[in-house]
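The values are calculated or read from the model by the stated rules, or taken from the named source; none is laboratory data. As the structure is a computational prediction, the values presented were derived from the model and not from experiment. Cβ placement follows ideal geometry from the backbone for every residue including glycine, while neighbour counts extend to all protein chains displayed.
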């Protein structure tokens, strides 16, 4: 009999086929964040009990585009960049659990399988999408990171555009927004393989960056459009009042989280 | 407080964002199967205890290409075919558990996110890949389903070709091969969110088709090449002796499986 | 000094890098055709002089989805199907030149580079797109080719959906529609490399199938939606009156065309 | 009768469907260049008469990866970045025409249709490919632009990897290499629509940057592997002797070229 190895599937004798390496996971990326207020009821309906609306500004939403290069501790994926580069767009709200405020990703689209797998581990509800955001550049027509710079950002899934934004930077900012600023409170759910038996996995987990470095944040204005789709509900988080847009370059390490609650009788 | 709905993430008030619908799942597809013998040790090393090598022909491998259209009970995904069509290539071996013979998918690549999600549920170790297989056609240069017809099949992942086959049909066959002919014995694994705590989910599950219809199977000969890749180990299942190739059109329903064993202390 | 070989670029010593082989080109495919009437002025504005509106039914439009396998005379591309399979969606109108009626493709999207290259040669104004159409199948939930069968078809480009249709078959038909039934009259245009010098290539060419075989055509009803996009004008061919929808499986050979007119002073 | 507008196909009443805008075209991008010497005969065989081998270092090859954002004079494509971002990898050699030394792109792969169309205009022999290169970043694990920084670069087409390189920066450099440093001498070829009639377009054109700005170039060492493929001949430019690798960020404007020679009897 054999022991198979690997942090994730497929597990093999060597472990080298695993779709994702064991943490820590290291990231370099550019974040384009658009914050606005929606109807708090549209946030509440996405929060499974016992999560509650955050006490302050409960309708605040952050829609975030990120352009990442990520790797394991060895960094080897960076040298075969099809294995390290990916883009994502995700919607974050806040919630309250046992008196503490958490951020929570309610929708997220990525463009690589390893990003989907990491999301399963971290409780991000990932689908595949097509994500684009303007990159700053020091030469030619692409924007510098400076006042007046304009960045576009788009999201599509299943051949339909779901969101598009244009952000215009105004000035350096003390913050990169507030909606995505708390530890994440996510669920990890998997149905029982047996019909009618509920969930085989039903965990509430929390995690955040194990370490973080960043350049100066910039704040600015934005135009944002959300589009209807038969299989997506991002547009239900309708734009009631804009807050602000942000741009920031970051380096992040993720190295595991904490189990907040588990429904251990789920599959029985 | 809210109740969120949906068979899979993301769960929402309506449930309509779920990446996959609740079973039953219905499939129409074409299967191109290549069976060969590898060193049984290469199979054994992929079988976590308590799975054992099958008693008969323990080194047999099936490499299968499938071109699918799939949908929920409503069938609505068929009318927006980006939501129903996908292709996959997968390697199947056999194993023994509690005296019974099972089939087991050890590697699989698909080209849609909903297929990845279904695989998580069913215990298929899915990654994204680029999969192609010749389709039969009644007019023009594509092959008819008849003696002498030739079908190509290829698999790539992360911008590297992993496998390519050419199958030549010889005659109708009583079977579509034997390696993928048993109920599947798969693991559903997810690491604990907390480092060093092992697995949060560690289940051995079994499932098979809830119903099945098919056209006549054809048997034939094949050429198969497997290629090395730094992140894949398909080529370790080296080709020691060809068995046969098969072609068959099928209709399948999947409607849940059975929990064979669960390591319930996994996350403690 | 060397002679380079190849029907198309890149030309090399062997010719084997050419993006497309020399004709004849062989095709097996399924055609899903939706015909409707638009404002004839919307057709006229797409016809460069000296092309005129067709005398009869000048506002007729065919929007056609095709799911192809194509190859050179050797057929070798069929065995590496990433080199033979592609999908396309295209809009066809009719026009008159020197008293004869021609069909003319005014918009077309494909999903492979070799299809783009063939289009350049044939005068099809190809862009890349994401194209899907339901495939008939003899088992499972996908439709048979029979009365009541429903097929979906979608088109997207640049992450925006441009068109979607649902076709319901009613009965066998003597025709597969009439809009795409004439020889094609296409322009082959390429700007001069020098600014302000007009066109280096300005040809009106005609071509059609060198041979053709087909299964029975089916006629039916359809729902069709066209969507606006900043970079596409398909939706300007607005749907004023539906005609009919058709489904047919075909085998086609293309083997060159005829030069109708050339503006040889183009680049001077 | 109508006049249709647009720099490229499809031409319409408004011109807004054109796959590419009229020049000037503006680019911001990162170039990763690997220079080596191959057998000069392998260069010569790619040079159609009357082009000859360059007098000095005739076997020099540059293999260049570029990560671009490009736009028209209006810059609007930058705000919908699916319309501006693309990547490419291309092989450049040098040649001599009428006593002058030119650079010449002999193979090139890009990942967007508008890039293919611009290549047709400029004489670049473009195919679609999957291209990746490590991006520098100021935070996290991705490399800074500094001594010791390592960048990976890969190219695949038709589901096969064609090239992969790892570049290690050593020090700032006075140049970004020499192979791609001359005006380009390219052919624009299109076969006659009529079989056996040769070429309808057969031009030798030259072009270069209308304006250029750049950051400091860096020089370094590299590992490069080229892989065989049935439909590509890049690997024939075998690596006989490495020269150096370079990294540079640039801004470029392209605004037309010059006709060097035209075979005006091509299609007769």
Would a scan of segment A:173-180 turn up a residue that is touching a strand residue (DSSP E or B) at 6+ places or on another chain (Cβ under 8 Å) and within 11 Å of another protein chain (Cβ to nearest Cβ)? no
Among (1) surrounded by fewer than 21 Cβ atoms within 10 Å (Cβ to Cβ); (2) within 14 Å of chain D (Cβ to nearest Cβ), the one test that residue A:137 misses: (1)
Return yes when residue C:34 is buried (at least 22 other Cβ atoms within 10 Å of the Cβ), at pLDDT 95 or above and assigned to a helix (DSSP H, G or I) and no when it is not. no
Restricting attention to segment A:188-203, which residues are facing chain B (nearest Cβ under 8 Å), surrounded by 19 or more Cβ atoms within 10 Å (Cβ to Cβ) and either free of Cβ contacts under 8 Å to residues at least 24 places away in the same chain or not in a loop (DSSP other than H, G, I, E, B) (or both)? A:188, A:189, A:190, A:191, A:193, A:200, A:201, A:203
Report whether or not residue D:183 is touching a residue at least 40 places away in the same chain (Cβ under 8 Å) and under 18 Å from residue D:106 (Cβ atoms). yes
Can you pull out the residues in segment C:150-169 that are more than 9 Å from chain B (Cβ to nearest Cβ), over 26 Å from residue D:17 (Cβ atoms) and either crowded, with 23+ Cβ neighbours inside 10 Å or modelled with pLDDT under 95 (or both)? C:169
Does residue A:49 qualify as being in contact with a strand residue (DSSP E or B) (Cβ under 8 Å, 6 or more places away or on another chain) and modelled with pLDDT under 95? yes
Among the numbered criteria (1) free of Cβ contacts under 8 Å to residues at least 60 places away in the same chain; (2) more than 9 Å from every other protein chain (Cβ to nearest Cβ); (3) in contact with a strand residue (DSSP E or B) (Cβ under 7 Å, 6 or more places away or on another chain), which single criterion is violated by residue A:214? (2)
Residues within segment B:52-73 that are touching a helix residue (DSSP H, G or I) at 6+ places or on another chain (Cβ under 6 Å) and either within 17 Å of residue B:106 (Cα to Cα) or at pLDDT below 95 (or both), tallied: 3
Here the residues within segment D:43-63 that are touching a residue at least 24 places away in the same chain (Cβ under 8 Å) and either in a helix (DSSP H, G or I) or under 30 Å from residue A:156 (Cβ atoms) (or both) are D:43
If you go through B:107, B:86, the only one that is within 19 Å of residue B:233 (Cβ to Cβ) and touching a helix residue (DSSP H, G or I) at 6+ places or on another chain (Cβ under 6 Å) is B:107
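Restricting attention to segment D:240-255, does a residue exist that is at pLDDT 95 or above, within 30 Å of residue C:82 (Cα to Cα) and part of a loop (DSSP other than H, G, I, E, B)? Don't jump to the end; show me each part of the working.
Here is the first cut: in segment D:240-255, the ones at pLDDT 95 or above are D:240-255.
Filter once more, so that each one left must be within 30 Å of residue C:82 (Cα to Cα): none.
Among the residues of segment D:240-255, not one is at pLDDT 95 or above, within 30 Å of residue C:82 (Cα to Cα) and part of a loop (DSSP other than H, G, I, E, B), which makes the answer no.
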Any residue in segment A:105-127 that is closer than 25 Å to residue B:125 by Cα, at the interface with chain D (Cβ under 10 Å from one of its Cβ atoms) and in contact (Cβ under 8 Å) with a residue 12 or more places away in the chain? no
Which is over 19 Å from residue D:16 (Cα atoms), in a strand (DSSP E or B) and within 14 Å of chain B (Cβ to nearest Cβ), of C:70, C:74? C:70
Selection from segment D:161-176 of residues that are in a loop (DSSP other than H, G, I, E, B) and closer than 11 Å to residue D:247 by Cβ: D:176
Taking segment A:32-45 and keeping only residues that are facing another protein chain (nearest Cβ under 7 Å) and touching a helix residue (DSSP H, G or I) at 6+ places or on another chain (Cβ under 9 Å), one is left with A:45
Please enumerate the residues belonging to segment C:224-248 that are more than 14 Å from chain D (Cβ to nearest Cβ) and surrounded by 15 or more Cβ atoms within 10 Å (Cβ to Cβ). C:224, C:227, C:239, C:243, C:244, C:245, C:246, C:247, C:248
Within segment D:140-149, which residues are surrounded by 22 or more Cβ atoms within 10 Å (Cβ to Cβ) and within 23 Å of residue D:163 (Cα to Cα)? D:142, D:143
Against the definition (under 21 Å from the mean Cα position of the chain (by Cα), buried (at least 19 other Cβ atoms within 10 Å of the Cβ) and free of Cβ contacts under 8 Å to residues at least 60 places away in the same chain), how does residue A:219 come out, yes or no? yes
Failed item, numbered, when residue D:147 is tested on (1) more than 27 Å from residue A:252 (Cβ to Cβ); (2) more than 14 Å from chain A (Cβ to nearest Cβ): (1)
Could you tell me whether any residue of segment C:17-31 is free of Cβ contacts under 8 Å to residues at least 24 places away in the same chain and either in contact with a helix residue (DSSP H, G or I) (Cβ under 9 Å, 6 or more places away or on another chain) or part of a loop (DSSP other than H, G, I, E, B) (or both)? yes
